[in-house]
Amino acid sequence: MPNVRTLAQLVDQDLIEPRVVGSSQVRRWVQRSLMDLELAAHAASTGDLERAMTLVYEAGFRACVALLGTAGYRLLSGEGHHRAALEAAVAIVGSEVEITISRLDDARRQRNQSLYGTGRPVGAAELRRLTKDVETLIGRLPSWGTDVGRDR
């Protein structure tokens with residue numbers, strides 16, 4: 001994902017704002033991400049890999065929003081906010097997630113094509129790889145027994 005903006009740049013461009021996000025909200029995003037991964041597995045089992053990819057993307061997007069929340073920021077709604085969430089995840093976690101976020105960005109484009117046009121075929125291996133990436137991203141969030149379990 002080339003040209004990733006910093007958190008300061010995302011704030012300056014009104015894509016995110018500094019805000020304390022309660023751990024209960026972060027927990028809801030994580031729970032929804034996990035539910036989306038379960039729904040994606042079901043969709044894949046019925047042969048609907050395109051829908052499964054969209055669900056895995058949504059799970060990853062929410063994980064990025066949750067990462068923002070744990071870093072003290074809130075994503076603002078508006079044009080480009082999905083991409084901003086992905087960029088923010090790289091800014092927060094660092095270069096070790098660049099490949100994961102790049103794959104998630106590809107899934108974002110796939111989702112947009114699926115919603116607004118004709119999506120390309122999705123392969124089972126591609127879906128498995130993205131699912132594993134999103135599970136790893138979710139794993140970077142605070143554990144259930146510590147920060148996420150209590151409001152700040």
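Things worth noting here:
- Sequence-separation-based contact order of the chain, relative, with Cα cut under 8 Å and 6+ spacing, percent: 34
- Split the accessible area of the chain by element, probe 1.4 Å, and carbon with sulfur accounts for 49%.
- Largest GNM mean-square fluctuation across VAL26, VAL65, VAL11, computed for the chain with C-alpha springs under 10 Å, falls on VAL11.
- Highest-fluctuation residue, THR70, THR54, THR118 considered, GNM on the chain with Cα pairs under 10 Å: THR118
- A 1.4 Å probe run over the range 33-93, with the rest of the protein chains in place, finds 38 Å² accessible per residue.
- Using equal-weight Cα scatterers in the Debye expression, the normalised intensity of the chain in log10 at q = 0.10, 0.13, 0.19 Å⁻¹ is -0.33, -0.56, -1.15.
- Farthest toward positive dipole pole in the range 21-62 [+1 Lys/Arg, -1 Asp/Glu at C-beta], among GLN31, TYR57, ALA43: GLN31
- Value at 222 nm in deg cm²/dmol, rounded to 500, when DSSP H runs of n ≥ 4 in the chain each add -39,500 (n - 2.57): -21500 deg cm²/dmol
- Among ARG74, ARG111, ARG129: highest mean-square fluctuation, GNM of the chain, C-alpha pairs under 10 Å: ARG129
- Hull volume in cubic angstrom per residue (convex hull over the Cα atoms of the range 1-47): 114
- Ranked by solvent-accessible area (1.4 Å probe, protein heavy atoms only, all chains present), the residues SER77, SER102 order from largest to smallest as SER77, SER102.
The values are calculated or read from the model by the stated rules, or taken from the named source; none is laboratory data. For clarity, every value in this text was computed on a predicted model and none was experimentally measured. Positions of Cβ are backbone-derived with ideal geometry, glycine not excepted, and every protein chain shown enters the neighbour counts. Side chains are part of the model used for accessible areas, which takes the heavy atoms of the whole protein and leaves out ligands, DNA and RNA. Shrake-Rupley method; radii C 1.70, N 1.55, O 1.52, S 1.80 Å.
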